[in-house]
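K.L.:
Following this message is one structure expressed as structure tokens.
The values are calculated or read from the model by the stated rules, or taken from the named source; none is laboratory data. Keep in mind the model is a prediction, meaning the values are calculated, not measured. Positions of Cβ are generated from backbone atoms using ideal geometry, with glycine treated the same way; all protein chains shown enter the neighbour counts.
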């Protein structure tokens with residue numbers, strides 16, 4: 001029987017970008033040349049990160065020139081290409097070469113350099129780190145402490161929005177354009193949305209993406225896949241835990257040994273069905289009869305297919321076309337067979353009062369969770385959560401709770417984080433997840449999963 005268990009609720013987040021400024025070095029009073037060895041490591045071949053490295057190198061060249069020959073730099077620039085093993089080797093080489101300074105570009109590099117220099121006095125400067133405090137790189141923004149410092153690209157969203165409304169006090173609808181692939185961007189947008197909500201101003205989000213914008217379709221990086229394979233070799237049961245159906249997870253589900261889907265309604269381990277909780281048809285029909293007339297769109301999720309009412313057919317056809325989704329993921333209700341279990345409902349509402357009325361009417365029947373999209377809610381039977389499914393699974397398999405781990409970032413991951421021995425918050429995470437997490441790691445794009453697994457000694 002396996003003793004260990006790990007579940008991943010999220011597989012993507014974003015990488016922050018930043019620039020770094022070097023302090024001036026002044027010429028000495030003698031003719032001796034001071035030579036400093038500097039090791040720079042970039043995380044991945046990325047245009048923004050590459051620009052940071054280039055700016056650092058140019059600044060060092062300028063300092064050399066301005067010193068009138070008193071200062072010289074021996075600069076070694078490396079790129080680990082998001083490979084943790086290569087990263088460790090690069091840092092080891094820097095230490096062996098007795099560098100005077102390490103520069104880490106992106107959170108994973110900075111964290112690895114910090115860990116490697118705890119027992120020596122090699123200073124570390126970081127760039128492209130959005131939240132150095134929560135990741136444990138520094139004690140505070142004002143006093144970083146230890147041997148590390150750097151720059152953060154945290155954006156003062158309140159100041160930006162204040163400036164906007166100072167220019168147009170009557171603005172009543174704001175377009176929020178951002179890059180979902182940038183951690184610093186998504187954080188700023190969340191703060192902007194809260195600002196506008198408090199002010200009572202409407203807004204529309206635009207990301208310039210398709211699938212990722214709507215359904216957060218995520219895929220594991222090669223490094224994450226390698227880490228999952230190492231976990232399997234070490235005796236861990238790896239599970240993908242998601243609010244979506246198995247069909248929506250087809251890009252990644254085979255990388256795990258099993259999956260908990262539909263917010264805990266369905267569990268499979270190595271092909272064996274452990275849990276299959278369905279919503280009775282009479283409840284499904286009651287919801288449709290009461291709330292479909294209130295200008296809502298409802299779809300019914302099973303293990304493989306999301307069904308929709310025939311009058312919404314045009315909506316889902318356009319939905320698939322607009323976001324480049326396979327039409328096989330959706331089907332009209334008329335094609336649903338009687339023995340096909342409805343695991344979850346998803347309701348799209350235009351009027352917030354509809355959501356409030358539904359939650360009040362069915363508070364003793366359903367659990368309602370915030371959907372990834374605005375004006376949508378996930379609906380499962382009362383008490384059915386990711387956490388409940390995990391508890392059932394580890395009890396069935398005889399796994400000790402202290403040997404269980406979970407990665408998450410969204411509100412519907414809270415119960416999951418509480419159900420395991422160690423809950424790890426991924427990169428940018430919701431406030432509720434942060435409150436229950438045992439530790440915080442980097443984003444998925446920053447290989448936060450691998451970082452945490454190594455820190456915990458699991459791989």
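K.L.:
Looking only at the stretch 191-213, decide whether some residue is in contact with a strand residue (DSSP E or B) (Cβ under 7 Å, 6 or more places away or on another chain) and either at pLDDT below 75 or in the same structural domain as residue 129 (by TED's automatic domain parsing) (or both).
P.N.:
Yes, some residue in the stretch 191-213 is in contact with a strand residue (DSSP E or B) (Cβ under 7 Å, 6 or more places away or on another chain) and either at pLDDT below 75 or in the same structural domain as residue 129 (by TED's automatic domain parsing) (or both).
K.L.:
When you look at residue 151, is it within 28 Å of the chain's Cα centre (by Cα), modelled with pLDDT of 85 or more and more than 19 Å from residue 56 (Cα to Cα), yes or no?
P.N.:
So residue 151 fails the test.
K.L.:
Here are some residues: 411, 403. Which one is in contact with a helix residue (DSSP H, G or I) (Cβ under 7 Å, 6 or more places away or on another chain), surrounded by fewer than 24 Cβ atoms within 10 Å (Cβ to Cβ) and not assigned by TED's automatic domain parsing to the domain that holds residue 290?
P.N.:
Checking each option against the conditions leaves just 411.
K.L.:
Right, next: Which residues, taken from the stretch 61-116, are in a helix (DSSP H, G or I), without any contact (Cβ under 8 Å) to a residue 40 or more places away in the chain, farther than 19 Å from residue 441 by Cα and in contact with a strand residue (DSSP E or B) (Cβ under 7 Å, 6 or more places away or on another chain)?
P.N.:
Correct list: 64 only.
K.L.:
While we're looking at this one, here's another question. Considering each residue of the stretch 249-263, count those that are more than 21 Å from residue 388 (Cβ to Cβ) and either in contact (Cβ under 8 Å) with a residue 60 or more places away in the chain or not in a helix (DSSP H, G or I) (or both), and give that number.
P.N.:
3
K.L.:
Residues in the stretch 221-239: is at least one buried (at least 16 other Cβ atoms within 10 Å of the Cβ), outside the structural domain of residue 354 (by TED's automatic domain parsing), part of a loop (DSSP other than H, G, I, E, B) and within 19 Å of the chain's Cα centre (by Cα)?
P.N.:
Yes, the stretch 221-239 contains at least one residue that is buried (at least 16 other Cβ atoms within 10 Å of the Cβ), outside the structural domain of residue 354 (by TED's automatic domain parsing), part of a loop (DSSP other than H, G, I, E, B) and within 19 Å of the chain's Cα centre (by Cα).
K.L.:
Restricting attention to the stretch 118-130, and to residues there that are in contact with a helix residue (DSSP H, G or I) (Cβ under 8 Å, 6 or more places away or on another chain) and in a loop (DSSP other than H, G, I, E, B), which single residue is surrounded by the fewest Cβ atoms within 10 Å (Cβ to Cβ)?
P.N.:
By that ranking, first place goes to 120.
K.L.:
For the stretch 383-395, state whether one or more residues are over 28 Å from residue 231 (Cα atoms) and either modelled with pLDDT under 95 or buried (at least 21 other Cβ atoms within 10 Å of the Cβ) (or both).
P.N.:
yes
K.L.:
Something else about it: Inspect all residues belonging to the stretch 311-326 and state whether any of them is touching a residue at least 60 places away in the same chain (Cβ under 8 Å), loosely packed, with under 14 Cβ neighbours inside 10 Å and closer than 29 Å to residue 202 by Cβ.
P.N.:
Yes, because at least one residue in the stretch 311-326 is touching a residue at least 60 places away in the same chain (Cβ under 8 Å), loosely packed, with under 14 Cβ neighbours inside 10 Å and closer than 29 Å to residue 202 by Cβ.
K.L.:
If you don't mind, there's one more thing I want to ask. Test residue 307 against the criterion of being under 30 Å from residue 393 (Cβ atoms), free of Cβ contacts under 8 Å to residues at least 60 places away in the same chain and in the same structural domain as residue 375 (by TED's automatic domain parsing), and give yes or no.
P.N.:
It is true that residue 307 is under 30 Å from residue 393 (Cβ atoms), free of Cβ contacts under 8 Å to residues at least 60 places away in the same chain and in the same structural domain as residue 375 (by TED's automatic domain parsing).
K.L.:
Something else about it: Checking the condition farther than 24 Å from residue 48 by Cα, at pLDDT 85 or above and under 28 Å from the mean Cα position of the chain (by Cα), which residue from 166, 116, 127 passes?
P.N.:
Just a single option satisfies the conditions, and that option is 116.
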